[in-house]
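Below is one structure; the comments refer to it alone.
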Amino acid sequence: MKSRLSGNEAVAYALQQLNPDVMGAFPITPSTEIPEYFAQYVADGQVNTEFVTVESEHSSMSVCIAAQAAGARSVCATSSCGLALMYELLYVAASCRLPITLACVNRALTGPININNDHSDSMGARDSGWIQIYAENNQEAYDNIIMAMPIGETPGVRLPVMSCMDGFITSHAVENIELLDSDVVQGFIGEYQPENYLLKKENPLAVGPYDVSAYYMEHKVMQAEAMKAAKNRILEVAADFEKISGRRYGLLEEYRMEDAELALVLIGSTAGTAKAAVDQLRAKGEKAGLVKIRVFRPFPGQELAKVLAGTKAVAIMDKSEGLAGGGGPLFAETRSALYDLPERPYLISIVYGLGGRDVKTDDIETVFSRLAHISSSSQIGPVYTHMGQRSKEETV
Amino acid sequence: MPSSNMVEIRWHGRGGQGAKMACLLLADVAALEGKFVQGFPEYGPERMGAPITAYNRISEKRCTVHSNIYHPDYVVVVDESLLDSVHVTGGLREGGAIIINTPLSPREIVPRLRGWQGRVCTIDARRISEEILGRNFPNTPMLAAAVRVSGVLEPNRFLASIEESFKNKFAAKPQLIEGNMATLQRSMEEVQLG
């Protein structure tokens, strides 16, 4: 069905179609509309969800953990400091192997206080053991959240899934969208049948007890194995999703990469702007391409190395600072992933778009012109720079 | 309508005047008409009366660009007082137009447009709204004026589609539909095309 919705409307509508058992609800800009719209579905009797309003995100995630451990499907939505307040519980959810679905509407972390978009919130949670999938636009935000449960709930994975979209840029922009029928969505996700859960009377169990040194490490290794196994499961679910939607997804998206010599690697809504810039450069005969990271956890390192193997110069663009002193988190992981290639392209780190700083097609073209210079001169120049800020050091 | 196949519109208003709602409504109606649309406001710490900006892209092909609009084809100014504090014609394309809510004629308002040489249209949105709706809701007249001036949608089909949209939006208050439709029609007639 053709429609037009904002990203938040699309995710709330998808959640209504998913009809989860429990939602832990606490508002924070820019994700507030998701529980707000969902509350209307509850009031109108369109879902059977137990809608639990709480006093903080620490509690909304606690509600999800308790419900999921009891054998129910649970969901919630948050942003920025809300996600930060959940951090303790994010690790609990993942280590208890509870496939909770979280809609993360990406917003800068305080401070300074800022309500606009960057990826510092979810990037801060990248080591928490959650699968992370990022959307470029409202359509992908809708599609990704429908794929979350079949990915997370499969026995070989059993991990929570964070489905991310850019705050305001995606969450508050109305664009065209293709929606699935609700019965198709229900058929796609099926019934949730956990193997073990708190309320299973044949096999009662405790969830989240103390783990002594003799066991803790084994449990962490199992979590690590589950994260590795998630890669295949994400692709399986994407293949099934293509059958019901006609839309194809992978771990990453290659855009005009066939013979690309200069390339960008980035995440989220900027990919759409970058596609327009790549098209303009291709029209001028430049061999430009783009790799959009859709799945950041598990990180598609081998796939990325394969795609970038033939390139000459690549800019890895991070929408979060990371403050590592040497480049953003996506840069660090990409450079590590390419280490085993016999011939590596030049790689630079560009941190951009922090706190809602806008990114235009012109900005992307400037990055490509820098890559062209690196490629032709064989001089990499500064490896780690920022883009779009007002300062003397502004290079790209 | 400009020669390129995408129309870009930038809205300037003050918080509480409904510029964002008009922008989203235009996207909604254009989508109903089979166009590819974007409608998005620029967000910050909003408060009543503070300047706000909102944007529309309307095209025959899906637009993947997700930046703000720096070179609009049309600028809609919902509050005349913004002419003094915001550079509303900044980046406005040659061959484009600015549409201003004011009782003045296009010729009278030009001296306040910082040297803008192009097309200027005006509409007394406040008076129209007060006469028909009994209150100052300038966004509805400005939406009609934007459609009329830009030609981005065929006026009669726009009116038919927006009536459908209003039936959903005002399902609980059907008495609002008639007044809003009358406001749109009158505004289409009264906008002064410079």
Just tell me the longest site-free run in chain A, where the sites are GluC sites (Glu not before Pro) in a DSSP loop having at most 14 other beta-carbon atoms within 10 Å. A:56-190
How about segment A:292-396: which chymotrypsin sites (Phe, Trp or Tyr not before Pro) there are in a DSSP loop, with at most 11 other Cβ atoms within 10 Å of their Cβ? A:TYR339
Just to confirm the filter: which chymotrypsin sites (Phe, Trp or Tyr not before Pro) across segment A:196-247 are DSSP coil and have at most 15 other Cβ within 10 angstrom of their Cβ? A:TYR210
Ignoring trypsin sites (Lys or Arg not before Pro) buried by more than 14 other Cβ within 10 Å or outside DSSP loops, the longest site-free run in chain B is B:136-194
Among A:ALA309, A:ALA12, A:ALA94, which one shows the highest mean-square fluctuation when chain A is modelled as a Gaussian network with alpha-carbon springs under 10 Å? A:ALA309
Need the C-alpha centroid separation for segment A:92-109 versus segment A:51-71, integer Å. 12
Which whole-angstrom value gives the distance between the alpha carbon centres of segment B:1-72 and segment A:193-226? 50
Below 17 Å, Cα to Cα, which lysines can A:LYS201 reach? Residues fewer than 8 away in the same chain don't count. none
Over segment A:252-386, what is the relative contact order in whole percent, taking alpha-carbon pairs under 8 Å and six or more residues apart? 28
For segment B:6-193 the mean separation of alpha carbon contacts under 8 Å (6+ apart) over residue count, i.e. relative contact order in percent, is 21
For chain A, what relative contact order do you get, as a whole percent, if you take Cα pairs closer than 8 Å and at least 6 residues apart? 15
Taking 25 Å as the cut-off for C-alpha to C-alpha distance, list the pairs among A:LYS200/A:LYS231; A:LYS2/B:LYS167; A:LYS228/A:LYS292; A:LYS228/A:LYS275 that go past it. A:LYS200/A:LYS231; A:LYS228/A:LYS275
Are there GluC sites (Glu not before Pro) in segment B:88-194 that DSSP marks as loop and that have at most 13 other Cβ atoms within 10 Å, and which are they? B:GLU94
For segment B:149-194 and segment A:148-170, distance of Cα centres in Å: 41
Can you pick out the pairs among B:LYS20/B:LYS169; A:LYS220/A:LYS319; A:LYS287/A:LYS360 whose Cα atoms lie more than 22 Å from each other? A:LYS220/A:LYS319
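Read-outs throughout are calculated quantities, based only on the coordinates presented, and are distinct from any laboratory measurement. For clarity, every value in this text was computed on a predicted model and none was experimentally measured. So basically every Cβ, Gly included, is an ideal-geometry build from the backbone, and we count neighbours across all protein chains shown.
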